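> Supplied in structure tokens, the structure appears directly below.
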Amino acid sequence: MISKIVRHIASALIVLCLLTYSPTSFAQNSFGDGVNTCDGDFMNQIYAKAYLEAERENIINETIFRKPDSVLEYSCFDKFVSITAIHGGPLFTETDRFTDLEIPITVSTLPLDFTAALDSFTSGLSDIASNASDELKQIIEEAIQPLTDQVSGAFDEITAKAEAQALLEKTVPFNVFMEDDILDEDLEGLVLVALKEYVDSNFAHDFLGGAAIGLNNEIEASIGSDNYDCATMDKVWFLAKCRNFALDDSFLSFDDLVSTDPRIFPEECEDHTPITYELIELSNNDEFEWVELSEYRTFLIDDLLDPSICTDPIPTGISVGRILFEADEEGNTDREIIPFDDHVCSNPGCFYNGDGACE
């Protein structure tokens, strides 16, 4: 919890300094005072160290997180297409169900109806019996004529039925059959050629972004067999599951990244890592070449926390001032600023007296 609070305070101070002051050149800065406590050279060190850390993390991420492989390769999609062409063709375009067929011609026949003719004949006889003899001839003629017409029509229907019956016995030959490999050719041109071009252009490397050396799936542009023997995804999963960070993907030091670029899969980067020995020396402030640091001292933790004593004060590097007020008998006031180097006292209950000691 304490370390988290310290990190938050340090971050806030750094941001405040960044918003107020910019790092200077590599020349030495003057020491800070109570008003201006930001040191540009010190910020240069923070920049250099942060740049190296961020750049290394970026390089390691680009090494560990591989380029995704094609699911079309994982699933052996070309084999699915081959199975479809081989087993789907006989069900559709390559079927022989419509080969050498005889299709019968269907004709509907008309029913014969002699009722009207019989009724007309009966009506004509009744008229003959009820009329005078001098009108017999005229009546007979009038009665026979409709009967004649009905009988003539009946014979026409009988003739048509006979002709239709003859037609029912006739068939028309029907023979439709496409080539055995017509669906193969269609799927090759429509799917497999474009599929192979897409995979070869975008995933022309081994699996796991090139890291699974020797393990790849070559997509075929032609119809093959109907045997689906594809365990590619299981092999890739096993390899990805069993990779070890320390052995397969190492955490490289800054010195390693000067001469080695681990981003080699699926292809090596054209530009080497931007990490150089000069940047490393700058971030380490070798031989105090860039930032002049104060002499440091070591302290014993037990003494720093012992409440029964007051250890020597620890300088903070900041110059502060004590203000003294004076007043005369008339009430006029005057003040004086007495500067001194600030210090802190680590022991509980102790404070810095301004004269070089903790009390």
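> Could you tell me the largest-minus-smallest coordinate of the C-alpha atoms of segment 42-83 on each of the three principal axes, in descending order and whole angstroms?
Result, largest extent first: 69, 10, 6 Å.
> Between residue 347 and residue 57, what is 0.36 nm times their sequence separation minus the Cα-Cα distance? Round to one decimal in nm.
Result for the pair: 100.4 nm of gain on full extension.
> Label points 7 Å out from Cα along the Cβ direction at residue 250 and residue 46: separation in nm?
Between residue 250 and residue 46, the simple spin-label model gives 3.4 nm.
> Per residue, what volume in Å³ does the Cα convex hull of segment 179-280 take up?
Convex hull of Cα atoms, per residue: 112 Å³.
> I've got another one for you. Using amide H atoms built in the peptide plane, which far-off residues or other-chain residues are under 5 Å from residue 321 H to H?
340
> Now for a separate question. With every atom except the alpha carbons ignored, what do you get for Rg and Dmax of segment 295-359, in angstroms?
Cα radius of gyration and Dmax of segment 295-359 are 16.3, 53 Å respectively.
> Note down the nm distance, to one decimal, between modelled labels 7 Å out along Cα→Cβ at residue 329 and at residue 222.
A separation of 12.3 nm, rounded to one decimal place.
> Calculate one ³J(HN,Hα) per residue across segment 52-63 by plugging θ = phi - 60° into the Karplus curve 6.51 cos²θ - 1.76 cosθ + 1.60, and present them in order as whole Hz with x for glycine and proline.
My calculation for segment 52-63 gives 4, 4, 5, 5, 5, 4, 5, 5, 5, 4, 5, 7 Hz in order.
Every read-out reported here was derived from the displayed coordinates using simple, explicitly stated rules and does not represent laboratory data. No experiment lies behind these values; they were computed from the predicted model shown. Here Cβ is always computed from backbone atoms with ideal geometry, including for glycine, and neighbour counts include all displayed protein chains.
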